[in-house]
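Engineer: One structure, pasted below without further comment.
Bear in mind these aren't lab numbers, they're just calculated from the coordinates by the rules spelled out. Not measured: the values here are computed from a predicted model. No Cβ is skipped: glycine too gets one built from the backbone with ideal geometry, and neighbour counts run over all protein chains shown.
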Amino acid sequence: MSSHVVVFCKKELRSFFDSPIAYIVITTFLLISGWFFFSDLFLVNQASLRNLFDIIPFIFMFFVPAVTMRLISEEKRSGTIEILLTLPVKDYEIILGKFLAGLILIVVAVLLTLVYTFTLSGLGDLDFGSVVAGYIGLIFLGATYLSVGVFTSSFTQNQIVAFITSFAIIFALYMLNKVLMFVPNFLASFFEYLSVDYHFSNISRGVIDSRDVIYYLSLVFFFLFLAVRALESRKWR
Amino acid sequence: MIRVKNLTKKYGELKAVDDVTFDVHTGDILGFLGPNGAGKTTTVRIITCFLLPTAGWVEVDGLNVFEHSLEVRKKIGYLPENAPLYSEMNVLDYLHFIMGVRGILKDRWSQRTKEMINICGLGPVVNRNIGELSKGFRQRVGLAQAMVHDPEVLILDEPTSGLDPNQIAEIRSLIKELGKEKTVILCTHILPEVEATCKRVLIINEGKIVADGSPAELQASFQGKEQIYIELKTPFTDVESKLANLENVEKVKEILTNGDDLKKFTIECARGVDLREGLFRLAVDNNWVLLEMRKEQASLEDVFRQLTTS
Ligand SMILES: Nc1ncnc2c1ncn2[C@@H]1O[C@H](COP(=O)(O)OP(=O)(O)OP(=O)(O)O)[C@@H](O)[C@H]1O
Ligand SMILES: [Mg+2]
């Protein structure tokens, strides 16, 4: 990987962890997912990782935009983008570096929920294969949300606008397979294919199918590509 | 070193830069002057590959800015207007970050950092967060950022804005020093700055180049009235009217003084007319004691005002 990507990624990680953002966001994430997880455990007296895997894609809808909203919009607002883009680096290296920093933050947050998983394994048998698959699925899902967030952050200088638009796009991608009864039949399978949740439930059942992986990777590529174009668009304005 | 040819940039309907052509040679310090909104920042943003022009082209060291963008950016050090820096980073980390991106080898970092701290006077603030710094120190960090890779071309957009007179003097002498080996473009609307540092001046107004030459050349080409300054000692009070009645005098302005008998005037006449002999005789005839008489040089400020107001 190009050394520029590494430099940008490190810088972004430092600014996550030097400021309270990372800690607040991760703590909130763990509290909310933990609350849903354990309340099921105590109420129904029976918990499975399904609960966790059902709730995290939902929490991610807020969590991921909170991580990405300032990534590029803040550079635009403060003007630092002018130094950044006149350094001898390619635009995609900047985008990729920032994306990877966000991904590392998300992976950290997701891995911290392993605490819950281990609590559970103390209580009963766990299907190890489906746990691993579920976690891999979560990371793919998070990466996809992140790419949306990086994209929306790159076309505005307003963090709030970046947050809301990425939330809206992610929400739409998440809901697609839940509105199937309202769409004509010939569109139904198309909607289902586009839905992030459909592919996630495939993976979290324990089967990592290349079709699902390709789906996620193409979305990530697509949105990061749009982000690069959004950065370049300044030149013609 | 830098060639700008027929450069035009439109923002929608607004022509911010209009058919601008100029060259800057190695070792030149070019003062890029113009009133607010003249198009200075827009022009340098195109040279630094931040913006694309609507028409025209730019070459840096023989490389086309659009085709060899990365190569060109390696050669340039750029301090944008208002020195936009990461406020949450500390000065040292920031310089390391820039060196990392610029591909400077890690074993040279500490030496290079030391040099920058010396040159830009960053000693007292190296470990402070940039967001906490005063404007002057932020400008210096911006300057260090622009010079850290020892670029051949240095482009500084209003580097002394917000600095106190001591810092301004320091930065000017620094720029002058740098200009011995490097090519420097200095955007500003502060005229003494240009007079103090630049070998060459380019004045831009409403997107068009209106003057190009050394400060002396520009002063010589000034089209305004000629001015003479005189200082007299006399108790009489009708001096001003007598001066005004002298042949060829167009305007007399008294400069207020505290001394009772001391009187100072500036006298305007058409360019090419020499009033001095007439003034001398008038003084002798009236028994005025003539203490001083001199022709005023057109200042760069006069030239600037003439060219940029319509
Ligand atoms: N991003 C932009 N979109 C639209 N118009 C712009 C943009 N940037 C600059 N302009 C306009 O282009 C013109 C030239 O602006 P520019 O910033 O180049 O002037 P300047 O000479 O640097 O002025 P100053 O001395 O105030 O810094 C101005 O009329 C300005 O309003
Ligand atoms: Mg400007």
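Engineer: Say each of B:ASN64 and A:TRP35 gets a label point 7 Å from the Cα, pointing the same way as Cα to Cβ; how far apart are those two points in nm?
Structural biologist: Distance between the two pseudo-spin positions: 6.0 nm.
Engineer: If you find the alpha carbon centre of region A:203-237 and of region B:240-310, how far apart are they in angstrom?
Structural biologist: 75
Engineer: Pairs of alpha-carbon atoms within less than 8 angstrom and 6+ residues apart define the contacts here; what relative contact order does chain B have, in percent?
Structural biologist: Across chain B, relative contact order equals 20 percent.
Engineer: Could you give each residue of region A:151-157 its phi-based ³J(HN,Hα) in whole Hz, using Karplus coefficients 6.51, -1.76, 1.60 with θ = phi - 60°, and x for Gly or Pro?
Structural biologist: In residue order, the calculated couplings are 4, 5, 6, 8, 10, 9, 9 Hz.
Engineer: For a paramagnetic label modelled at 7 Å from the Cα of A:VAL161 toward its Cβ, which residues of region A:137-154 fall within the zone defined by backbone nitrogen distances under 19 Å?
Structural biologist: What the label zone holds, given the 19 Å backbone N cut-off, is A:148-154.
Engineer: Tell me, what is the FRET efficiency for B:LYS176 and B:GLU217 to the nearest 0.05, using R0 = 22 angstrom and their Cβ-Cβ distance as r?
Structural biologist: 0.70
Engineer: Give me the one-decimal nm value for the distance between modelled label points at A:VAL213 and A:THR119, 7 Å along each residue's Cα-to-Cβ direction.
Structural biologist: 3.2
Engineer: Right, here's the next one. Place a +1 charge on the Cβ of each Lys and Arg in the protein assembly as shown and a -1 charge on the Cβ of each Asp and Glu, then give the dipole magnitude about the Cα centre in debye, rounded to the nearest 20.
Structural biologist: It comes to approximately 820 debye.
Engineer: Would you please give the FRET efficiency between B:SER110 and A:LEU111, computed as 1/(1 + (r/R0)^6) with r the Cβ-Cβ distance and R0 = 45 Å, to the nearest 0.05?
Structural biologist: Efficiency computed from Cβ-Cβ geometry: 0.80.
Engineer: I need the phi-derived Karplus couplings for region B:258-271: 6.51 cos²θ - 1.76 cosθ + 1.60, θ = phi - 60°, integer Hz, Gly and Pro marked x.
Structural biologist: Once θ is set to phi - 60°, the couplings for region B:258-271 become 8, x, 5, 9, 7, 10, 10, 9, 10, 10, 9, 8, 5, 4 Hz.
Engineer: Something else about it: Find how much the distance from B:LYS225 to B:GLU71 grows on full extension, using 0.36 nm per residue of separation minus their present alpha carbon separation; answer in nm with one decimal.
Structural biologist: Residue separation times 0.36 nm, minus the Cα-Cα distance, leaves 50.5 nm.
Engineer: Then there is this: Summing Lys, Arg as +1 and Asp, Glu as -1, what charge do residues with Cβ under 13 Å from the Cβ of B:VAL141 carry, B:VAL141 excluded?
Structural biologist: +2
Engineer: Something else now. Can you give me the C-alpha center-to-center distance between region A:1-37 and region A:49-101, rounded to a whole angstrom?
Structural biologist: 10
Engineer: Also, quick follow-up: Under the rule of at least 5 residues apart or a separate chain, name every residue whose amide H is placed under 5 Å from the amide H of B:ASP18.
Structural biologist: Placed amide hydrogens put B:LYS9, B:LYS208 under 5 Å from B:ASP18.
Engineer: Can you tell which of B:ILE190, B:ILE255, B:ILE230 shows the greatest fluctuation in a Gaussian network model of chain B with Cα springs below 10 Å?
Structural biologist: Result for chain B, Cα springs under 10 Å: B:ILE255 fluctuates most.
Engineer: Mind sorting B:HIS189, A:HIS4 by how few other Cβ atoms lie within 10 Å of their own Cβ, fewest first?
Structural biologist: With the sparsest Cβ surroundings first, the list reads B:HIS189, A:HIS4.
Engineer: Let me ask you something else. Would you mind checking the tilt of helix B:165-178 against the longest principal axis of the Cα atoms of chain B, expressed as 0 to 90 degrees and rounded to 10?
Structural biologist: The angle comes out at about 70 degrees.
Engineer: For region B:199-241, which chymotrypsin sites (Phe, Trp or Tyr not before Pro) are in a loop by DSSP, counting at most 16 other Cβ atoms within 10 Å?
Structural biologist: Listed in order of number, the matching sites are B:PHE236.
Engineer: Could you give me the ³J(HN,Hα) list for region B:290-303, computed from phi with Karplus coefficients 6.51, -1.76, 1.60 and θ = phi - 60°, whole Hz, x at Gly and Pro?
Structural biologist: So the J values, rounded to whole Hz, are 8, 8, 7, 8, 8, 7, 7, 6, 5, 8, 4, 5, 4, 4.
Engineer: Hey, another quick one. Which one, A:PRO20, A:LEU114, A:LEU84, projects farthest toward the positive side of the charge dipole computed for region A:3-236 from Cβ point charges (K/R +1, D/E -1)?
Structural biologist: Farthest along the dipole direction, towards plus: A:LEU84.
Engineer: Oh, and also: Please work out how much length the chain gains when fully extended from B:LYS264 to B:GLU88, using 0.36 nm per residue of separation minus the C-alpha to C-alpha distance, in nm with one decimal.
Structural biologist: Fully extending the segment from B:LYS264 to B:GLU88 adds 57.7 nm.
Engineer: Which of the trypsin sites (Lys or Arg not before Pro) found in region B:174-269 are in a DSSP loop and have at most 10 neighbouring Cβ atoms, other than their own, within 10 Å?
Structural biologist: For trypsin sites (Lys or Arg not before Pro) across region B:174-269 that sit outside H, G, I, E and B with at most 10 neighbouring Cβ atoms in 10 Å, the list reads B:LYS180.
Engineer: Quick one: compute the contact order of chain A, relative version, from alpha carbon pairs under 8 angstrom and 6+ residues apart, as a percent.
Structural biologist: Result for chain A is 26 percent.
Engineer: Moving to a separate point now. Report the calculated FRET efficiency for B:ASN127 and A:ILE21 (r = Cβ-Cβ distance, R0 = 25 Å), to the nearest 0.05.
Structural biologist: 0.65
Engineer: Treating only the Cβ atoms of Lys and Arg (+1) and Asp and Glu (-1) as charged, compute the dipole magnitude of chain A about its Cα centre; round to the nearest 20 debye.
Structural biologist: For chain A, the charge dipole is close to 720 debye.
Engineer: Separate question: Once every DSSP H run of n ≥ 4 in chain B is given -39500 (n - 2.57) and the sum is divided by its residues, what mean residue ellipticity at 222 nm do you get, rounded to the nearest 500 deg cm²/dmol?
Structural biologist: -10000 deg cm²/dmol
Engineer: OK, next. How would you rank A:VAL64, B:VAL24, A:VAL161, A:VAL131, going from fewest to most other Cβ atoms within 10 Å of each one's own Cβ?
Structural biologist: Exposure proxy ranking, most exposed first: A:VAL161, A:VAL131, B:VAL24, A:VAL64.
Engineer: Next up: Measure nothing but the geometry: give the 0 to 90° angle between the long axis through the Cα atoms of B:91-101 and the longest principal axis through the Cα atoms of chain B, rounded to 10°.
Structural biologist: Helix B:91-101 sits roughly 60 degrees off the main axis of chain B.
Engineer: Any aspartates and glutamates with Cα under 13 Å of the B:LYS135 Cα? List them, leaving off those in the same chain fewer than 8 positions away.
Structural biologist: By straight Cα distance, B:LYS135 reaches B:GLU81, B:GLU158, B:ASP164.
Engineer: Can you tell me the convex hull volume per residue for region A:3-236, based on C-alpha atoms, in Å³ to the nearest whole number?
Structural biologist: 143
Engineer: Straight-line reach from B:LYS253: which lysines have Cα under 28 Å away, leaving out those fewer than 8 places along the same chain?
Structural biologist: By straight Cα distance, B:LYS253 reaches B:LYS225, B:LYS233, B:LYS242, B:LYS263, B:LYS264, B:LYS295.
Engineer: Looking at region B:234-299, which GluC sites (Glu not before Pro) are in a loop (DSSP not H, G, I, E or B) and have at most 14 other Cβ atoms within 10 Å?
Structural biologist: Within region B:234-299, the qualifying GluC sites (Glu not before Pro) (loop, at most 14 other Cβ atoms within 10 Å) are B:GLU247, B:GLU250.
Engineer: May I ask you to sort A:THR156, B:THR266 by Cβ crowding, counting other Cβ atoms within 10 Å and putting the fewest first?
Structural biologist: Sorted ascending by nearby Cβ count, the order is B:THR266, A:THR156.
Engineer: A:PHE58 versus B:ALA244, label points 7 Å from Cα toward the beta carbon: distance in nm?
Structural biologist: 8.9
Engineer: Ok, one more. On full extension of the chain, what length is gained from A:LEU194 through A:ILE104, given 0.36 nm per residue of separation minus the C-alpha to C-alpha distance?
Structural biologist: 29.9 nm is the gain from fully extending A:LEU194 to A:ILE104.
Engineer: Hey, can you grab everything whose amide H is under 5 Å from the amide H of B:ALA211? Only 5+ residues off in sequence or another chain; H modelled, so Pro and N-termini drop out.
Structural biologist: Answer set, sorted by chain and number: B:ILE203.
Engineer: Within region A:3-236, how many Lys pairs that are eight or more residues apart, or on different chains, come under 21 Å at the alpha-carbon?
Structural biologist: Counting lysine pairs in region A:3-236 gives 12.
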